Every structure is written in C-alpha cells, then in structure tokens.
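Okay, so here's the structure we're looking at.
The values are calculated or read from the model by the stated rules, or taken from the named source; none is laboratory data. For clarity, every value in this text was computed on a predicted model and none was experimentally measured. Using ideal geometry, Cβ is built from the backbone for each residue, glycine included, and neighbour counts are taken over all protein chains shown. The area values use the complete protein model at the heavy-atom level, side chains included, leaving out ligands, DNA and RNA. Shrake-Rupley method; radii C 1.70, N 1.55, O 1.52, S 1.80 Å.
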Amino acid sequence: MHSGIAASEGVAVGTAVVLKNRAGQPAENAPPGRAAAEEARFAAALAAARDELALLAADLAARVGEGEGAIFAAHIAILDDDELRREITAKIAAGKTAAWSVQAVFAAYREAFAALDDPYMRERANDLADLADRLGAHLAGDAPSGPAVAGAAVIVAHTLTPSATARLDPAATLALVTATGGPTSHTAILARAMGIPAVVGVTGIDRLVRDGDLVIVDGRRGLVAVNPDQATLAAYTGRAAVRTAPADDGGPAVTRDGHRLALWANIGRPADAGRALRHGAEGIGLFRSEFLFMDRASLPDEEEQFAAYRQVAQAMGGRPVVIRTLDAGGDKPLPGLDHPAEANPFLGLRAIRLSLAHPGPFRLQLRAVLRAAAYGDVRLMYPMIAGVDELARANALLAACKAELAAAGLPHNPALPVGMMVEVPAAAAAAEIFARHSDFFSIGTNDLIQYSLAVDRLDENLGHLYRPLDPGVLRLIAMVAAAALAAGKHAGVCGEMAADPAGALLLLGLGLDELSVSPASLPAVRRLVRAVTLAAARRLAAEAMALDSAAAVRELVETYLREINIDI
Ligand code: PEP
Ligand code: MG
C-alpha cells in the first residue's frame with residue numbers, strides 16, 4: 001500500500017491510465033523583426049484562453065456548482081493581471097518568442113508561490129502551471145484537450161491541473177491519484193465536488209504505475225494499492241460499490257428503530273444553498289462566512305454581508321441556517337486585517353480571537369447577521385471558543401449591535417440563537433460549563449482532532465497521525481453530547497468526521513442531534529442512518545471509547561458496517 005493524502009471520499013478499483021505531462025520546450029529567441037508578430041500571437045492566445053476558460057467556468061458551474069466554476073473565473077482574473085501581461089510583453093519586445101516568454105514569466109510566479117509558507121497559496125502554483133500550459137498550447141496551435149481514456153479508469157498523474165480535472169467525465173473516471181498536491185488544492189476540491197475518490201501527494205506514484213495496472217484507491221484513508229494481492233483485493237471489492245450508490249430520495253434520516261437524526265449541510269457561498277436543498281439538507285449547519293472575505297484587498301461592508309446572509313436565509317425557506325462568524329487566521333490569512341507574524345498560526349490570533357481583536361469589522365458582521373435573521377431561522381455561531389470570557393465579550397458586542405439596530409429602526413431578530421463551535425479540547429472537557437452560556441454546540445472535529453492529538457491538519461507528512469476515531473477524541477465528543485443533553489441544548493457536528501461512515505455511526509451513538517456535511521455527502525450519510533439502529537450505534541460508541549486505539553475502533557465499526565452491507 002502507498003499512502004498519500006485522502007483528498008476525496010470513496011473507494012475505487014480499476015485499471016490505471018497514466019497521464020504524461022506535456023513535454024517539449026519552446027525556442028527562446030524569435031527571429032529578428034518578429035516582435036510585433038509574436039506580440040499579436042500572444043494577444044490571440046490570451047483571447048482564446050479567456051474564451052475557453054469562460055466556457056469551462058460556465059459548464060462547471062452548471063454541471064458541478066457555482067463555487068467550482070469560480071475556480072476558472074479566478075484563472076481569467078490571473079490572465080487579466082496587468083503586471084503579468086507587462087512582464088510577458090517586455091520579454092517579447094526584447095526578442096524572445098511568445099511561447100518562451102509565457103513559460104518564463106509563469107515559471108517565476110509559480111516558483112514564488114511554491115516557496116510560500118501558506119499551504120493554500122502553495123497549492124496555487126498548480127493553477128499557474130495549468131494556465132501556462134493552456135496559453136502554451138494555444139501558442140503551439142493546439143488547444144489543450146482532456147486525457148483520452150477508453151472506458152472507466154483510475155487516472156494517475158504526477159500533477160493534475162484543475163483544468164484537466166474539470167474536463168474529466170465523472171462517469172468514466174473511477175478515481176484520481178497524483179504524486180503532488182494537498183487537500184486544499186483545487187484538484188482535490190474539484191474531485192470532491194464531482195464525487196470522484198482521490199488520493200493526492202503519493203510521492204513517485206506516476207513512475208510506479210504503468211498503463212493497465214490494477215489499482216485500488218481508498219480516498220478516505222489516503223491509500224493506493226498497485227496490482228494488489230488477492231486478500232487485499234477481496235477486502236476492497238465490496239467497498240468499491242460506493243461509486244455506484246443508489247439514487248437518494250432526500251427524505252429524513254430515521255434509524256431502523258425510529259430515531260431521527262437531523263442532516264444539515266456545510267456551505268461556503270450563498271449559491272451553495274441550492275445544492276444543499278437538492279441533496280435534502282434540512283438546514284445549514286455551517287455557513288463558512290470567511291469566503292466572503294477572501295481573495296480581496298478590503299473587507300466586505302455590512303450591506304454586502306447582509307445581502308449574502310439574507311440570500312441563504314431566504315433560499316432555505318425557514319430551515320435553520322447557522323452562520324459562523326469570521327474564522328480567519330490560522331491557514332486562512334486575511335489581507336484586509338492587521339495580523340502579526342506568528343510562529344504557530346493555528347495556535348495564534350485565529351477565529352473569534354481575531355474578531356475580538358478587531359471589534360469594528362466584527363460588529364459589522366454581527367449587525368449583518370442580526371438583520372438577515374429577520375428573513376429566516378438564522379442562528380449565530382462563534383468559532384474556536386476557548387473560554388467563557390470570549391463568549392461574554394462577543395455577546396456584549398452583539399447586545400450593542402441589537403441596541404443600535406433598534407435605535408435605527410432596522411428590522412432584525414434580537415432573539416436569534418447564539419451558539420459556539422467546540423474545537424478546543426478544553427472547551428469540550430468543560431462543555432457542561434459552556435452549556436450555561438451557549439444556546440447550542442457544533443463540534444468542529446477538523447480542529448478538535450488537530451488540537452487534541454497535536455497534529456497539524458494540513459501537514460501532508462502527518463496524515464497517518466490525524467485519527468478521527470481515536471478513543472480520546474471520542475471521549476471529548478461524548479462529553480459535549482452529554483453536557484448538551486443535560487442542559488437541553490442542541491448539539492451537532494460539522495467537521496469532516498461526520499461524512500465518514502464509521503465516524504457518522506459513532507457520532508449517532510454518542511448522542512449528537514445533527515450532522516452537517518457537504519451537500520454531496522448527504523445521500524451516503526442518510527443511507528447509513530437508515531441502515532442502522534440507534535441501539536447498535538450506542539453500543540458500538542460505548543465499546544469504541546474503551547478500546548486501545550483508533551485502529552481498533554475502526555476495525556470494530558467497519559466490521560459492523562460490513563455485516564449490514566454498508567459500503568465503507
Ligand atoms: C472544523 O474545524 O471541524 C470546522 C468545521 O471548521 P473549519 O474546517 O472551517 O476549520
Ligand atoms: Mg474549524
């Protein structure tokens with residue numbers, strides 16, 4: 001087994017097709033007197049690439065989702081960058097060919113991005129390589145095309161660009177495996193949105209696999225097996241059925257013994273609410289508001305935020321919508337706010353800490369959420385709460401905002417529920433205390449696991465230590481669920497653990513009221529809940545908390561899931 005980074009859920013078994021990256025270097029120097037002609041070729045290639053990207057963005061937005069289409073809108077924005085164009089045309093004016101100039105300038109930007117500390121920005125190097133390839137192909141007179149794959153196959157590549165990923169036909173692509181990339185690469189994001197299992201960052205895999213090899217891709221564990229032995233193959237062939245899950249009715253998730261679990265969706269943009277509803281979301285458990293704040297030089301004002309939050313509230317038609325206040329800092333730096341350099345950004349001025357350090361912008365967000373709450377069942381949630389004092393300070397600002405809105409006669413809902421994310425282990429252990437100060441809990445397992453096991457959630461080399469099913473993590477979650485139950489408060493989970501079948505089953509058994517997952521994951525979680533009993537889930541959860549290790553817990557739960565024919 002080769003291990004990499006689990007980038008997109010699901011298991012697939014199939015024949016490999018290895019994509020070779022484009023070879024061939026363009027000539028550096030143009031013949032004398034060709035500068036004007038080369039510049040015209042560059043302008044034509046730019047226009048053709050722009051048209052192609054606009055089509056691709058529209059196609060992807062319609063086929064997969066608005067958010068995914070936006071990836072290529074961002075590519076257009078890069079092409080429109082004046083500085084980049086100037087650098088290329090300066091090289092052409094100095095006698096270089098258009099193709100060489102494009103490659104040289106993009107390579108310099110790519111290197112600069114690849115050297116950045118921020119993993120999200122590092123991943124953008126792949127987007128630049130993709131654009132350089134696209135322009136290069138137009139300059140060579142051949143428009144880039146997708147890989148020619150006969151029948152359904154497992155695609156293996158050194159690096160797969162977002163364009164190449166977007167062109168893949170999900171029906172013909174069993175899975176993706178790449179030697180490079182991280183979980184926040186656009187390739188990984190697209191694979192998840194398209195429902196294609198993917199493992200990225202499997203060093204050397206493109207040199208190891210040959211066309212026609214039999215490959216198992218385990219997109220949940222981040223494992224890849226090449227020409228596996230019979231035992232491994234037998235263990236996996238049952239699981240491969242995940243790719244052909246039956247159609248979903250979008251109805252309620254009720255266990256066989258009659259217990260209803262609320263299934264809500266996580267979204268990052270207002271336009272995602274439609275997808276959530278199409279997959280049967282009964283609410284929005286997490287609206288990650290930071291996407292409104294990213295990729296721009298200035299902060300969104302109150303009106304812009306109000307419009308976005310109201311759009312979600314109205315789209316959800318009275319269903320609960322949990323809007324999380326800005327969760328910037330950590331891996332999500334914010335250009336519009338002052339931020340000190342930090343040795344450990346995940347342990348630094350992040351999330352609620354950053355908002356409390358900037359009460360001006362924070363109040364604008366609170367006002368916008370209060371106003372949107374007049375248009376639906378909007379609930380406010382603070383991220384990464386570590387102390388009751390943070391809740392008190394945030395709520396004091398909230399009270400001031402309510403008073404201002406009332407004085408100004410602006411419609412708002414002063415009674416909106418106010419909850420907190422449980423992401424800090426100390427807050428989980430003290431949930432009983434926090435339940436006195438919070439209307440609801442939503443457990444952010446992505447961070448709770450990172451902080452309780454002391455494993456950087458983004459570090460490609462530590463993936464094997466990031467263990468959602470660790471008995472210690474389960475015990476922390478159990479404390480939160482028990483405290484909520486005792487206080488009569490709602491408790492959900494909005495981290496990725498809720499989308500893993502074993503994780504979802506244990507969370508049900510631990511007593512959570514609601515699971516919130518990406519819209520695409522809703523059908524599988526619904527199917528799981530309907531296949532089990534609450535009694536069995538409770539028994540397994542109790543047993544799991546007493547086991548020695550995450551591996552033992554996984555074995556216990558997956559044995560049960562196999563017995564009841566659930567694909568894992
Ligand atoms: C989490 O930490 O589990 C969570 C849902 O928040 P984010 O992934 O945005 O940090
Ligand atoms: Mg989090």
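Points worth noting:
- Of the residues making up the range 359-379, those that are open to solvent by 40 Å² or more (accessible area, probe 1.4 Å) and either in contact (Cβ under 8 Å) with a residue 60 or more places away in the chain or within 16 Å of ligand 2 (Cβ to nearest atom) (or both) are Pro361, Leu364, Arg367, Tyr375, Asp377, Arg379.
Table: residues versus (1) within 20 Å of Ser516 (Cα to Cα); (2) surrounded by fewer than 18 Cβ atoms within 10 Å (Cβ to Cβ); (3) modelled with pLDDT under 95.
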| site | (1), (2), (3) |
| --- | --- |
| Gly330 | no, no, yes |
| Leu347 | no, yes, no |
| Arg353 | no, yes, no |
| Met381 | yes, no, no |
| Gly387 | no, yes, no |
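- Spans of helices (runs of 4 or more DSSP H) in the range 499-568 with at least 3 residues among the small types (Gly, Ala, Ser): 501-510, 534-545, 550-563
- Taking first residues from the range 160-173 that are closer than 15 Å to Arg124 by Cβ and modelled with pLDDT under 75 and partners that are of a type in the set (A, V, I, L, M, F, W, C) and outside any loop (DSSP other than H, G, I, E, B), the Cβ contacts under 8 Å between residues at least 6 apart in sequence or on separate chains come to Ser163/Leu56; Ser163/Phe72.
- None of Ala478, Ala504, Ala498, Ala484 is closer than 18 Å to Glu543 by Cβ and surrounded by 24 or more Cβ atoms within 10 Å (Cβ to Cβ) except Ala504.
- Gly419 being of a type in the set (Gly, Ala, Ser) and within 12 Å of ligand 1 (Cβ to nearest atom): no
- Cβ-Cβ under 7 Å pairs, at least 6 apart or on other chains, the range 385-401 side under 15 Å from Asp439 (Cα atoms), far side in a helix (DSSP H, G or I) and open to solvent by 30 Å² or more (accessible area, probe 1.4 Å): Val388/Ile433
- Residue in the range 464-475 that is surrounded by the most Cβ atoms within 10 Å (Cβ to Cβ), counting only those that are over 22 Å from Gly348 (Cα atoms) and of a type outside the set (A, V, I, L, M, F, W, C): Pro468
- Lone qualifier among Leu458, Leu448, Leu453 - being within 15 Å of ligand 1 (Cβ to nearest atom), touching a strand residue (DSSP E or B) at 6+ places or on another chain (Cβ under 9 Å) and not assigned by TED's automatic domain parsing to the domain that holds Gly201: Leu448
- The set of residues in the range 150-176 that are farther than 24 Å from His2 by Cβ and buried (at least 19 other Cβ atoms within 10 Å of the Cβ) comprises Ser163, Ala166.
- The sole residue among Ala191, Ala153 that is under 26 Å from Asp118 (Cα atoms), of a type in the set (A, V, I, L, M) and either touching a Cys at 6+ places or on another chain (Cβ under 9 Å) or in contact (Cβ under 8 Å) with a residue 60 or more places away in the chain (or both) is Ala191.
- Scanning the range 7-39 for residues that are open to solvent by less than 60 Å² (accessible area, probe 1.4 Å), farther than 30 Å from Arg457 by Cα and either of a type in the set (D, E, K, R) or modelled with pLDDT of 85 or more (or both) turns up Val17, Glu38.
- Meets criteria (modelled with pLDDT under 90, crowded, with 18+ Cβ neighbours inside 10 Å and not β-branched (Val, Ile, Thr)) for Leu334: yes
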